[in-house]
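Quick notes on the structure that follows.
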Amino acid sequence: MANPRDYASDQEVRWCPGCGDYSVLKQFHTVLAHLELPRHKTVVVSGIGCSSRLPYYVNTFGVHSIHGRATAFVTGLVLARPDLDVWIVTGDGDALSIGGNHLIHLLRRNVKAPILLFNNEIYGLTKGQVSPTSPEGQVSKSSPDGALGSPFMPPALALGAGASFVARAMDRDPEHLRLMMIRAHEHSGSAFLEIYQNCNVFNDGAFHLFTEKESRAHHSVYLTHGQPLLFGIENSMGIRLDGFTPRTVNLSDGYSHDDLWIHDEKDPIKAHLLARMHQEIRPFGVLYAENRPSFQSLAQNLSSDKKAESIEQLLQGSRTWIQSE
Amino acid sequence: MQSEVTVLFAGDSGDGIQLIGNAFAQKSAEAGHSVSTFSDFPAEIRAPQGTVPGVSGFKLQFGGESVYTAGDKADVLVVMNAAAYKKYAGHLKPDGILIANESGFDGRNLALAGYDNGAEPLAEARASQRVISVDIKKNVQAALLELPLGTAEKNRTKNMYVLGLLAWMYQRPAQDFEKYIQEKLAKSKNVLEANQMAFRAGYGLAETMELAAFKTEVSRATPAPGVYRTLVGNQAVALALMVAAKKANRPLFFAGYPITPASDILHELARHRNSDCLTFQAEDEIAAAVAALGAAFGGSLAATASSGPGISLKSEALGFAVTLELPLVVINVQRGGPSTGLPTKTEQSDLMQALYGRHGEAQMPVLAARSATDAFETVFLAAKIALEAMTPVMVLSDGYISNSAEAWLIPSEDELPSIAPPMVDGTPADGNPFEPFVRDAFGVRPWACPGQEGLEHRIGGLEKEKNTGNISYDPANHEEMVMARAAKVQAATRFYSPTQTDSGNNSGDLLVVGWGGTYGSIKAVVEKLQGKHYSIEHVHLRHIHPLPEDFGNILRGFKRVVVAELNHGQLVNLIRSTYLIDAHRLTKIQGQPFEEAELKSALKTHLQAIQHG
Ligand SMILES: Cc1ncc(C[n+]2csc(CCOP(=O)(O)OP(=O)(O)O)c2C)c(N)n1
Ligand code: SF4
Ligand SMILES: [Mg+2]
């Protein structure tokens, strides 16, 4: 493994002390080092937001693009340069509000690139307005009487858009986060990774229930392919499927692992059920992974069997005539 | 001998009007005429048959050297049905010839065209005009009697019958056309035979009907010897992009979102798609512009095209392109605006948008194409400027140019200017970090692409420290960078050819300044006035920003300056404010090109005012 420090740029990191972004950046450096990705073939592209500052702190090629458009930028970049290793860094406002259209099309097309979506359920950089993932009723500077309308469930949105890979991780569990980044990078197409990230200034504790030691076990279900859905202290709780309705059960009530919902990453229907578990018990890990050819590989195949034309051929076109003296 | 002739073909969308228009234009060019054409497609996709909205038109002017546009009022109007007549009757010269398909004027067709019960438009036309009316349907059915085809299929050859008639009128050898028809319709033997027979029937009709009086001889041009092809405006744009990319040794990446009248650029490039020419239909114009920038970051010649509303959506990305200092060619095929406006009609009302329609201090070179073939040169030059000066460049085309066609003397590869973008090779010495914003003598930064070892760097929309490109909020640095970007754009004048009036005479009474697709109309009128010994000249601007350095002197060589444009007066304001001269406006905002008569009378008024001055 390479040295994570070699992947850090010389720029001073400027997030608020205590911000969850630090952890994500640290894991990202580590993952790049672990994968030993050549720096000159790696490009990190972001939109605008606190989270989107990340490319400046990574010593590879990087683009801090415009608000919501990293996905569009990357689509053009990888079509032109399928040889590159491209990562997308975005926020909940960036990806799901202003950039929603580009995101759904990127997922539908299956543009190969991991998408690290830093979800803090708030607009950080603009100092604390509600975002499309803020829960209904959230009080913020722009919603003093509480936010109206229901929030997006990002994994459900991604699946709805046809994403071939959907996962969730959190800033407070570095090891799992690294694992998810590696899985996302391995994936053959768009890899949508939602990362619960604490904005300790404008939305502190939005995810405490799921991320903090004292409550995590009771609320976070870590998914493993082929394994039952377990949680609770010493995995004493499980989830079973009652038709299409997930029900939590206590293993001490006589349930065995065989009674539980066995996670299958390849099952699109169950992936939707997982994505919609948006109450007090939420899944973490790979919700869905499907192998589908990437947009750039399809595009490459299209062009590779067509011969390039010479300037002469282009200029002449299909029909010419000659004027003599 | 007539010096030039304008023919307008019109019929229902299903009548094959564009096919015979193109055939006639092609053969006219090959016969040595100067030719210019314009296709007027119906705005509706499938308007009901026989109705006015369903009419498709094709106009062409051919003749000697003085053919600069597809013409305005027609010498010959061909109408396949009553609706076509209703739409275009007003486009025929009072002494022009009407060729009408009688079977398209039966009761049903008259009703579909919206004529009152009992109306007899053909009879009325006969009273005041020269009319050749033939029951084409009956004649083709008779001519094709022996062929094993259905009535409907036989009817479909009506257009060839018309083509035959025209070929005879203008004394073209029948074999030439028969060969052309063979190339176009080689697929089915019966259909080919039917079309050729219909063509011959039309050709032969003229003799039997004693139409000798309509036989016309038209001047030919003396085109420079060489190999020619036809170029349609949008096709010229696509071709220039592909050729420029090859000249620059860069792959082409084109992203677009469908919009009339720009879509054909995407279609044309998609047809040529290969590993050197990538096309991408994006989810919207924002994505098209941003994806193009992504490809530019990756080292492609990136381009995007749209029309007014779509260009508005791209404007945020254009500001980004300005600050990234990456090459990008943006083509705006202007149409009537604002908003959806007149989507299929021509206008020049996006000049201010091109110059100023961005946030921040965000200059970029702006060029305007003047005709279908000039679109090739203009877009090629735009690509050269974008690549060699590392800047987004805007090219203005318009609805008229997009659908018009001209014969084009094909340049050889070597005649085209070279394009040398500032690619970086090698890595910085002594392991120093690469500095992406160090400028050369023209203020141009180097272009380093991902994949190049040792050149890793980060760029973005935040203001950049000079040289290093690191984020900088320093006030003085911001001013310096704004000025550096502006100076770089100003330095684009090094790519310009000298500005000249059409005749090369840079002084006199009246100077008519134009830009874009009005070139031919202005040129034709100015030449006619010169022929009447008026002191009048025409200069047509290719470069709107930065304005050419030699333009001011030309303006000052004249007693009066008139700026003719299809908008409410946009270039005129730029000229007034830049040169502090009392330039006059001559404008039209009807979605239509200038007509000869209106231009002439407006210019005469100015000439008289100078004389009485
Ligand atoms: C076109 C445009 N509109 C608005 C903004 C202002 N803006 C910058 S970041 C941001 C929201 C960022 O929220 P999020 O994506 O959640 O990122 P976070 O700061 O929370 O990490 C907004 C509205 C902008 N930069 N550009
Ligand atoms: S505002 Fe919130 S998200 Fe932004 S840096 Fe500060 S803590 Fe982090
Ligand atoms: Mg946020």
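The values are calculated or read from the model by the stated rules, or taken from the named source; none is laboratory data. None of the values given here were measured: they were computed from a predicted structure. Because the Cβ atoms are built from the backbone with ideal geometry, glycine has one as well, and the counts that use them run over all protein chains shown. To get the accessible areas, we keep the full protein, side chains included, count just its heavy atoms, and leave off ligands, DNA and RNA. Shrake-Rupley method; radii C 1.70, N 1.55, O 1.52, S 1.80 Å.
General observations
- Annotation: of all residues in region A:37-54 being under 13 Å from A:D94 (Cβ atoms) and open to solvent by less than 30 Å² (accessible area, probe 1.4 Å), the one that is farthest from ligand 2 (Cβ to nearest atom) is A:V45.
- All positions within region A:123-152 that are away from ligand 1 (no atom under 16 Å from the Cβ) and on the phi < 0 side of the Ramachandran plot: A:E136, A:V139, A:P144, A:D145, A:L148, A:S150
- Leading residue by the ranking (nearest to the chain's Cα centre (by Cα)) among those in region A:88-102 that are more than 16 Å from ligand 2 (Cβ to nearest atom) and surrounded by 24 or more Cβ atoms within 10 Å (Cβ to Cβ): A:I88
- Residue in region B:12-19 that is within 21 Å of B:W168 (Cβ to Cβ), in contact with a strand residue (DSSP E or B) (Cβ under 9 Å, 6 or more places away or on another chain) and open to solvent by less than 10 Å² (accessible area, probe 1.4 Å) present: yes
- Inter-residue pairs, beta-carbon under 8 Å, first within 13 Å of A:E290 (Cβ to Cβ) and in region A:245-272, second among the acidic types (D, E), 6+ apart: A:K266/A:E290; A:P268/A:E290; A:K270/A:D264; A:A271/A:E265
- The helices (runs of 4 or more DSSP H) found entirely in region A:205-323 that carry 3 or more residues being closer than 30 Å to B:S412 by Cα, open to solvent by less than 70 Å² (accessible area, probe 1.4 Å) and outside the structural domain of A:L106 (by TED's automatic domain parsing) are A:311-316.
- For region B:279-321, the tally of residues that are within 16 Å of ligand 1 (Cβ to nearest atom), open to solvent by 10 Å² or more (accessible area, probe 1.4 Å) and touching a strand residue (DSSP E or B) at 6+ places or on another chain (Cβ under 7 Å) stands at 1.
- In the set (1) out of contact with any Lys or Arg (no Cβ under 8 Å at 6 or more places or on another chain); (2) away from ligand 3 (no atom under 16 Å from the Cβ), the condition left unmet by A:S134 is number (2).
- Where B:K345 falls short, out of the listed (1) in a loop (DSSP other than H, G, I, E, B); (2) within 13 Å of chain A (Cβ to nearest Cβ); (3) out of contact with any Leu (no Cβ under 6 Å at 6 or more places or on another chain): (2)
- Residue within region B:46-61 that is aromatic (F, W, Y) and within 30 Å of A:S324 (Cβ to Cβ) present: yes
- Counting only helices (runs of 4 or more DSSP H) that fall entirely inside region A:1-110 and contain at least 1 residues that are under 20 Å from B:G460 (Cβ atoms) and facing chain B (nearest Cβ under 7 Å), the qualifying elements are A:70-80, A:100-109.
- Applying the set (1) at pLDDT below 95; (2) more than 9 Å from every other protein chain (Cβ to nearest Cβ) to B:S275 leaves exactly one unmet item: (2).
- Of all the listed residues (B:A212, B:A174, B:A262), the sole one being farther than 28 Å from A:A308 by Cα, open to solvent by less than 50 Å² (accessible area, probe 1.4 Å) and more than 14 Å from chain A (Cβ to nearest Cβ) is B:A174.
- Residues that are aliphatic (A, V, I, L, M), open to solvent by 30 Å² or more (accessible area, probe 1.4 Å) and under 26 Å from B:V489 (Cβ atoms), drawn from region B:425-473: B:V438, B:A441, B:L462, B:I471
- So A:Q316, is it at pLDDT 95 or above and at the interface with chain B (Cβ under 10 Å from one of its Cβ atoms): yes
- Residue within region A:171-180 that is at negative phi, within 16 Å of ligand 3 (Cβ to nearest atom) and at pLDDT 95 or above present: yes
- Just one of (1) in contact (Cβ under 8 Å) with a residue 12 or more places away in the chain; (2) closer than 22 Å to B:S56 by Cα; (3) more than 14 Å from chain A (Cβ to nearest Cβ) fails for B:A152. It is (1).
- In the condition set (1) more than 14 Å from every other protein chain (Cβ to nearest Cβ); (2) assigned to a helix (DSSP H, G or I), B:Q182 is compliant with all but (1).
- Residues satisfying the stated conditions in region A:105-137, i.e. more than 11 Å from ligand 2 (Cβ to nearest atom) and of a type in the set (V, I, T): A:V111, A:I115, A:V130, A:T133
- In region B:10-31, the count of residues that are more than 23 Å from B:N195 (Cα to Cα) and either under 24 Å from the mean Cα position of the chain (by Cα) or free of Cβ contacts under 8 Å to residues at least 40 places away in the same chain (or both) is zero.
- Within region A:146-162, none of the residues are out of contact with any Cys (no Cβ under 6 Å at 6 or more places or on another chain), hydroxyl-bearing (S, T, Y), within 16 Å of ligand 2 (Cβ to nearest atom) and open to solvent by 30 Å² or more (accessible area, probe 1.4 Å).
- Number of the condition not met by A:E12 [criteria: (1) more than 11 Å from ligand 2 (Cβ to nearest atom); (2) open to solvent by 10 Å² or more (accessible area, probe 1.4 Å); (3) in contact (Cβ under 8 Å) with a residue 24 or more places away in the chain]: (3)
- Single condition B:G451 does not satisfy, out of (1) under 26 Å from B:A383 (Cα atoms); (2) away from chain A (no Cβ under 12 Å); (3) not polar (S, T, N, Q): (2)
- Residue in region B:238-247 that is without any contact (Cβ under 8 Å) to a residue 24 or more places away in the chain, β-branched (V, I, T) and out of contact with any Cys (no Cβ under 8 Å at 6 or more places or on another chain) present: no
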